[in-house]
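Structure record follows, encoded as structure tokens.
A short reminder: the numbers here are calculations on the coordinates, not readings from a lab. On a predicted model such as this, the values are computed, not experimentally measured, just so you know. Using ideal geometry, Cβ is built from the backbone for each residue, glycine included, and neighbour counts are taken over all protein chains shown.
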């Protein structure tokens, strides 16, 4: 893994892409808020132990584990920043679909995704700064790029929290309109994000191929431990098998798209971090589908015992 190459790459898509990404991110958060309902949080009352285990594993457990992995593997500073950035993001919505296919507790999965998305608007910016400063190379990297912490926190909170609050207000006072707008707005934001990310990957593909197999292995290792942490959170909280599976998907599937947007709009597009976010966003879906197959195979095996 070429540390100097990674830390010196800057992803710059040009052409007003930063403004476009900011608008897409705000639209994503607004669309998420339009879909939030009180029933999405019912597990806080119905099964608080399992619910809180999932929330704590996502918000505290995964970032702490990530910093530990960084100390053990000593990756380049920009790669470590990407790992921490992804770990601080909320769960990805695809976890709900994987939970359905994997015969997990889908209601719990939806509840945890809704919670992490809501909390992320206020916690994610603070978490990125906090956990990045606990690993020396990333703390020094943030100093080198002259990151204005206060400005970063304010800008990111506005981009995330303001549209989220507006969406929640609209969902409360105009639920019928919100229900009609939520899916098309989510689709528009998702497609816009895909277009920008794919164009970035095509633009920087030759550079990515120079980075070697080590960074791919690190992403797979990191993601594998994230899935394991989710499963263990279920075990230690006394969850049943479907709920353990839901926690596995929730912690292992992170909103890599959100991480990429924050990276490109607020953190100067550091190349190593971008590579990690992009690889994670691809690999966690592959790993999630492999887990679906494993879970369904186990179900068939138990049925024939």
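Short to long, the 10 Å bins of the Cα pair-distance histogram for the stretch 3-294 hold 7, 30, 37, 22, 5, 0 percent of all pairs.
Evaluate E = 1/(1 + (r/R0)^6) for residue 183 and residue 282, where r is the Cβ-Cβ distance and R0 equals 25 Å; express this FRET efficiency to the nearest 0.05.
Values: r = 24 Å, r/R0 = 0.97.
Result of the calculation: an efficiency of 0.55.
Could you compute how fast the stretch 208-257 diffuses translationally, taking Rh as the Kirkwood radius over C-alpha pairs and applying Stokes-Einstein at 10 °C with viscosity 1.306 mPa s? Give it in µm² per second. Can you show the working numbers first?
On the way: Rh = 11.9 Å.
Taking Rh from Cα pairs, D becomes 134 µm²/s.
Taking the three principal axes of the alpha carbon atoms in the stretch 52-150, the coordinate ranges are 45, 30, 20 Å, sorted in descending order. Simple spin-label estimate for residue 235 and residue 304 gives 2.6 nm between the two label positions (7 Å along the Cα-to-Cβ direction from each Cα).
Could you work out how much longer the chain between residue 74 and residue 174 gets when fully extended? Use 0.36 nm per residue separation minus the Cα distance between them, nm to one decimal.
Numbers: separation 100, 0.36 × 100 = 36.00 nm, distance 5.03 nm.
Extra length available between residue 74 and residue 174 comes to 31.0 nm.
Its residues counted as N, the stretch 219-284 yields a C-alpha radius of gyration over 2.2 N^0.38 Å of 1.30. Put the Cα centre of the stretch 214-287 next to the Cα centre of the stretch 112-145 and the gap is 15 Å.
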